[in-house]
1. Out of the residues in segment 210-231 meeting the condition of being under 20 Å from the mean Cα position of the chain (by Cα) and in a loop (DSSP other than H, G, I, E, B), tell me which one is farthest from GLY180 (Cα to Cα).
2. Could you tell me whether segment 227-234 includes any residue that is at pLDDT 95 or above and farther than 30 Å from PRO156 by Cβ?
3. Can you tell which of SER265, SER284, SER280 is hydroxyl-bearing (Ser, Thr, Tyr) and surrounded by 20 or more Cβ atoms within 10 Å (Cβ to Cβ)?
4. Being closer than 15 Å to VAL6 by Cβ, of a type in the set (Ser, Thr, Tyr) and surrounded by 17 or more Cβ atoms within 10 Å (Cβ to Cβ) is the requirement here; does SER79 meet it?
5. Give SER237, SER222 a once-over and let me know the one that is at pLDDT 95 or above, crowded, with 18+ Cβ neighbours inside 10 Å and either outside the structural domain of PHE128 (by TED's automatic domain parsing) or among the hydroxyl-bearing types (Ser, Thr, Tyr) (or both).
6. So is GLU39 at pLDDT 95 or above and either among the basic types (Lys, Arg) or out of contact with any strand residue (DSSP E or B) (no Cβ under 8 Å at 6 or more places or on another chain) (or both) or not?
7. Could you tell me which of the residues SER143, SER152 is touching a residue at least 40 places away in the same chain (Cβ under 8 Å), closer than 19 Å to PHE323 by Cβ, of a type in the set (Ser, Thr, Tyr) and surrounded by fewer than 21 Cβ atoms within 10 Å (Cβ to Cβ)?
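The values are calculated or read from the model by the stated rules, or taken from the named source; none is laboratory data. Everything quoted here is computed from the prediction, not taken from an experiment. Reconstructed Cβ throughout: ideal geometry from the backbone, glycine too, with neighbour counts over all protein chains shown.
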Amino acid sequence: MKFATVGTSWITEKFISSAKTVDGVYLIAVYSRDKDKAEAFKEKTGAVLAFDSLEEMAESDAFDSVYIASPNVCHYEQSKFFLNHGKNVICEKPATTTLEQMQELISLAETNNLSYTEAIMTIHTEGFNILTDKMRDIGKIRSAHFDFYQLSSKYPLYTEGKNPNIFNPDMHTGCLMDIGVYNLYLAAALFGKPESIISDAVKLPNGCDAAGTAILKYNDLSVVLNYSKVGQTYSYSEIIGDKGTLMFSSVSQLTGMYLKTKDSSDSLIEEEISRDEIMSGEISFFKNLTENKDFNNERYVFTKKTALIVREICDKIRADNSFPF
């Protein structure tokens, strides 16, 4: 798989470094609106080509796939643009703002025999496989809570009166779309579509959500999701059964994981994933999808279903809390 990137932030660098750990994946081109920045990023990453025009980039036959990590507000239009030019697309989360947009792009990709997926690490990690396996050992599950509090390095800029993208609702960002989506993905992947949703958002004066809570109600299970970009916590998320509890420190990576019962405590995963391999699971999935184009594959069907549930939940949370986008 030969790929190009849109965006020059740290997450693009991590995608590129992770791609180097996956056999048969090669970086060919990079894009930035600023030509000098594009050239500098090409030199930094070892890419062959640099573009400052999306149109010229899309016409190139030097690569078959594109990783998009531009501002959230650009994700839908840029993904659609490259799919319409015959490129496979893996787009950084959130891949779209709305459920309708995601449904459209999935349909467009499948109709044209192209791969389209959201870049989300959680469900493609070793930890996810271990978690789903060990859930069988903790008995009847009636409650869970997933907590992701990450004090943003950009928050001081906001408090100084500046307008960083992550706290700018015009960019379709904020806490839910940036890190709350990890909580939603884990809940949707493990438990499916909830029967009802109760949510609340803590907003900044500009309308951007800085933190939030959602309660997902299932038939005999409640899942509480907490997320914040204006504070930090050091506690564990938990899945609680009547025979034991699964605990993990990272919702996104599913590391720092323990299985605890009344009589024992077993460490399942201790170390965090290497920063240079953090996205290798999702890249491997995308590569296999791109090469095989098997849209009936069990893994693809599961991933697509989960992504659509997440978008539907996001739409409801945004509507119920009067998000400005």
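1. Among those that are under 20 Å from the mean Cα position of the chain (by Cα) and in a loop (DSSP other than H, G, I, E, B), it is VAL230.
2. So the first thing to find is which residues in segment 227-234 are at pLDDT 95 or above, and the list is 227-232.
Subset that is farther than 30 Å from PRO156 by Cβ: none.
Within segment 227-234 (the criterion being at pLDDT 95 or above and farther than 30 Å from PRO156 by Cβ), the answer is no, since none of the residues qualifies.
3. On the way: SER265 fails: surrounded by 20 or more Cβ atoms within 10 Å (Cβ to Cβ); SER284 fails: surrounded by 20 or more Cβ atoms within 10 Å (Cβ to Cβ).
Unique residue meeting the criteria: SER280.
4. Numbers: closer than 15 Å to VAL6 by Cβ: yes; of a type in the set (Ser, Thr, Tyr): yes; surrounded by 17 or more Cβ atoms within 10 Å (Cβ to Cβ): yes.
Spelling it out, SER79 is indeed closer than 15 Å to VAL6 by Cβ, of a type in the set (Ser, Thr, Tyr) and surrounded by 17 or more Cβ atoms within 10 Å (Cβ to Cβ).
5. On the way: SER222 fails: crowded, with 18+ Cβ neighbours inside 10 Å.
One residue alone meets the criteria, SER237.
6. Numbers: at pLDDT 95 or above: yes; either among the basic types (Lys, Arg) or out of contact with any strand residue (DSSP E or B) (no Cβ under 8 Å at 6 or more places or on another chain) (or both): no.
When the stated conditions are applied, GLU39 does not pass them.
7. SER152
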